[in-house]
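First the structure, in the form of structure tokens, and then the observations on it.
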Amino acid sequence: MMLHGYLDSLLEGARLTLGVALSALLLALLLGLLGAHAKLARAPWLRRIAAIYTTVIRGVPDLVLMLLIFYGGQLAINAAAPLLGFDGYIDIDPFAAGVATLGFIFGAYLTETFRGALLAIPGGQAEAAHAYGMSLWQVQRRIVWPQMLRLALPGLTNNWLVLVKSTALVSVIGLNDMMHKAGQAAGATREPFTFYVAVGVLYLLITSASVVLLRLLEKRFTLGFKALAL
């Protein structure tokens, strides 16, 4: 029997792993976009906050942040709960903790990715759009963000692949992802090599499919630009 009957369990864990990665990516995209604009803002206090965020997050190991947010956050919430009128112990959901941690971590990396992409866009384009009567939201949505995404796609692709692999860390806080399920199967069968190789293959399939899809997206965004360049 394939993988001693644990294949379905690993696939279930893989779905949870992918859910964590996609949810964390959405949070990271939001934080990266806000952080990039904050770093380029005229207000010095916004630039300082963004600089502190990227410096601290990129300087602390992912595993340390995961444990700090899960255990430290749980202590902080339970300390504050009585002040808000809540009785009893509050558990932080491992899925939410994993998503929040990975989102905050990769939001810092995407901040720099998006900042570099924004700096590569000629400033005259936004000025011309304002001269035509476009609002700030219209300028961002129609002029700035589409070009930013095209320029940021290579860096975004790399960060997504690293994010997917970093989801293996959520197993340390008790989430039943495929690493956690592989550990359970390895303990029950005493064949750790078999199950960790299987997990490696699943991660490879996810990242390989991601590369194909992101390359198609990159071609879609650069098609007109390349034609214009020729």
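The values are calculated or read from the model by the stated rules, or taken from the named source; none is laboratory data. Not measured: the values here are computed from a predicted model. Neighbour counts are summed over all protein chains in view; Cβ atoms, including those assigned to glycine, are modelled from backbone coordinates with ideal geometry. These area figures cover heavy atoms from the full protein model, side chains too; ligands, DNA and RNA do not enter into them. Shrake-Rupley method; radii C 1.70, N 1.55, O 1.52, S 1.80 Å.
Just grab the label-to-label distance for Thr55 and Leu67, each label 7 Å out from Cα along the Cβ direction, in nm (one decimal).
Result: 2.5 nm between the two label points.
Given the -39500 (n - 2.57) contribution per DSSP H run of 4+ residues, what per-residue ellipticity at 222 nm results for the chain, rounded to the nearest 500 deg cm²/dmol?
-25500 deg cm²/dmol
Given a Förster distance of 35 Å, report the FRET efficiency between Ala120 and Leu204 from their Cβ-Cβ distance, rounded to the nearest 0.05.
Here the calculated transfer efficiency is 0.60.
Lys/Arg Cβ at +1, Asp/Glu Cβ at -1, dipole of the chain taken about the Cα centre: which of Phe104, Thr17, Pro94 is farthest positive-ward?
Positive-end residue among those listed: Phe104.
For an R0 of 45 angstrom, estimate the FRET efficiency from the Cβ-Cβ distance between Ala131 and Asp87 and round to the nearest 0.05.
0.15
Report the charge-dipole magnitude of the chain in Debye, nearest 20, computed about the Cα centre from +1 at each Lys and Arg Cβ and -1 at each Asp and Glu Cβ.
1080
So between Leu7 and Phe193, what do we pick up on full extension, going 0.36 nm a residue minus the alpha carbon distance?
Residue separation times 0.36 nm, minus the Cα-Cα distance, leaves 65.5 nm.
Considering the Cα trace of the chain, what is its radius of gyration and what is Dmax, both in angstroms?
Radius of gyration, then largest Cα-Cα span, for the chain: 21.3, 69 Å.
Would you check the accessible area of Phe86, probe 1.4 Å, heavy atoms only, in square angstrom rounded to 10?
Approximately 120 Å² for this residue.
I'd like the FRET efficiency for Asn78 and Gln184, computed as 1/(1 + (r/R0)^6) with the beta carbon distance as r and R0 of 41 Å, rounded to 0.05.
0.90
Could you look at the chain and say what percent of its accessible area is carbon and sulfur, using a 1.4 Å probe and all protein chains?
68
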